[in-house]
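J.: Here's a structure for you.
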Amino acid sequence: MSQPVWLAIARTDIGLREIPGKATAPKIAMWLKQLGAWWADDATPWCGVAVAAWMRDAGVPLPKHWYRARAWLEWGTALTKPVRGCVVVFERSGGGHVGLVDGQDQMRRLLVIGGNQGDAVSVAAFDTARVLGYRWPVGVPLPSTPLPIFAGGVPVSTNEA
């Protein structure tokens, strides 16, 4: 089962966690610096930062406001249904959340690799009712395989801030 380069890159960061208190995780600090952020801490929501870092490392252009989850709704090409590796933007109280679709579980919830999911890069399940949109990079062919279904208990995301 093939996966887009940016999804493979994101997978290598699963387990990366914020550092509680004033310190910032070195990799998140590096992303912020490389992307030209005007802040340098992981206390600020960083889901958009993670997606931007993975896309940049894969050579994919970024939206102007890559740090804002909802800015990803204006990036790339809109999709009517999810495909493996697409960017997905969710509704969240107080804002939005952005991540990469990896598949779905047996209950048809989306399995998403994202940053700042429980203060870490993780795979979490999301109800499709929260989806604001799916996006795909311009000029990149869509995968021809259906979205994979994974068995197992992936926790439902409850904290993306």
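The values are calculated or read from the model by the stated rules, or taken from the named source; none is laboratory data. Predicted model, so just to flag it, every value in this text is computed and none were measured. A quick note on method: Cβ atoms are made from the backbone with ideal geometry, for glycine too, and the neighbour counts reach across all protein chains shown.
J.: Which ones in segment 61-86 are of a type in the set (Ser, Thr, Tyr) and within 14 Å of residue 136 (Cα to Cα)?
T.: Residues satisfying the conditions are 77, 80.
J.: Among the residues of segment 36-47, which ones are within 24 Å of residue 3 (Cα to Cα) and assigned to a loop (DSSP other than H, G, I, E, B)? Before the answer, list the steps.
T.: Restricting attention to segment 36-47, the residues satisfying the condition of being within 24 Å of residue 3 (Cα to Cα) are 46-47.
Scanning segment 36-47 gives a single hit, 46.
J.: Could you list all residues from segment 59-78 that are in contact (Cβ under 8 Å) with a residue 60 or more places away in the chain and outside any loop (DSSP other than H, G, I, E, B)? Please lay out each step first, then the result.
T.: Let us first name the residues in segment 59-78 that are in contact (Cβ under 8 Å) with a residue 60 or more places away in the chain, namely 60-61, 70, 72-73, 75-77.
Matches in segment 59-78: 70, 72, 73, 77.
For every residue, the table says whether it meets (1) at pLDDT 95 or above; (2) outside any helix (DSSP H, G or I); (3) on the phi > 0 side of the Ramachandran plot; (4) not β-branched (Val, Ile, Thr).
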| site | (1), (2), (3), (4) |
| --- | --- |
| 6 | yes, no, no, yes |
| 14 | yes, yes, no, no |
| 20 | no, yes, no, yes |
| 34 | yes, no, no, yes |
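J.: Go through (1) over 26 Å from residue 150 (Cβ atoms); (2) without any contact (Cβ under 8 Å) to a residue 24 or more places away in the chain; (3) surrounded by 15 or more Cβ atoms within 10 Å (Cβ to Cβ) for residue 23 and report which single condition fails.
T.: Exception for residue 23: condition (3).
J.: Can you pull out the residues in segment 32-78 that are of a type in the set (Ser, Thr, Tyr) and within 20 Å of residue 21 (Cβ to Cβ)? Let's see the steps before the verdict.
T.: Of all residues in segment 32-78, those of a type in the set (Ser, Thr, Tyr) come to 44, 67, 77.
Across segment 32-78, the qualifying residue is only 44.
J.: Can you tell me which residue among 50, 58 is modelled with pLDDT of 95 or more, within 24 Å of residue 139 (Cβ to Cβ) and over 13 Å from the mean Cα position of the chain (by Cα)?
T.: Testing whether each residue is modelled with pLDDT of 95 or more, within 24 Å of residue 139 (Cβ to Cβ) and over 13 Å from the mean Cα position of the chain (by Cα) leaves just 58.
J.: Sticking with this one: Have a look at 29, 50 and point out the one that is part of a helix (DSSP H, G or I) and touching a residue at least 60 places away in the same chain (Cβ under 8 Å). Walk me through how you get there before you give the answer.
T.: Details: 29 fails: touching a residue at least 60 places away in the same chain (Cβ under 8 Å).
Every option except 50 fails the conditions.
J.: Here's something else I'd like to know. Just name the residue that is nearest to the chain's Cα centre (by Cα) out of those in segment 70-122 that are among the β-branched types (Val, Ile, Thr) and farther than 19 Å from residue 146 by Cα. Show your work before the answer.
T.: Taking segment 70-122 and keeping what is among the β-branched types (Val, Ile, Thr), we get 77, 80, 83, 87-89, 98, 101, 112-113, 121.
In the following step, the residues that additionally are farther than 19 Å from residue 146 by Cα were identified as 89, 98, 121.
Numbers: 89: 8, 98: 5, 121: 9 Å.
It comes out as 98.
J.: Also: Would you mind finding the one in 46, 38, 6, 66 that is of a type outside the set (Ser, Thr, Tyr), buried (at least 17 other Cβ atoms within 10 Å of the Cβ) and farther than 30 Å from residue 149 by Cβ? Quick ask: steps written out before the conclusion?
T.: Numbers: 46 fails: farther than 30 Å from residue 149 by Cβ; 38 fails: buried (at least 17 other Cβ atoms within 10 Å of the Cβ); 6 fails: farther than 30 Å from residue 149 by Cβ.
Criteria check complete, one pass: 66.
J.: Within segment 116-161, track down each residue that is more than 30 Å from residue 25 (Cα to Cα) and in a loop (DSSP other than H, G, I, E, B).
T.: Once the filter is applied, which keeps residues that are more than 30 Å from residue 25 (Cα to Cα) and in a loop (DSSP other than H, G, I, E, B), segment 116-161 yields 138, 139, 140, 141, 142, 143, 144, 145, 146, 147, 148, 151.
J.: Which one is surrounded by the fewest Cβ atoms within 10 Å (Cβ to Cβ) among residues in segment 82-115 that are modelled with pLDDT under 95, outside any strand (DSSP E or B) and not hydroxyl-bearing (Ser, Thr, Tyr)?
T.: That would be 94.
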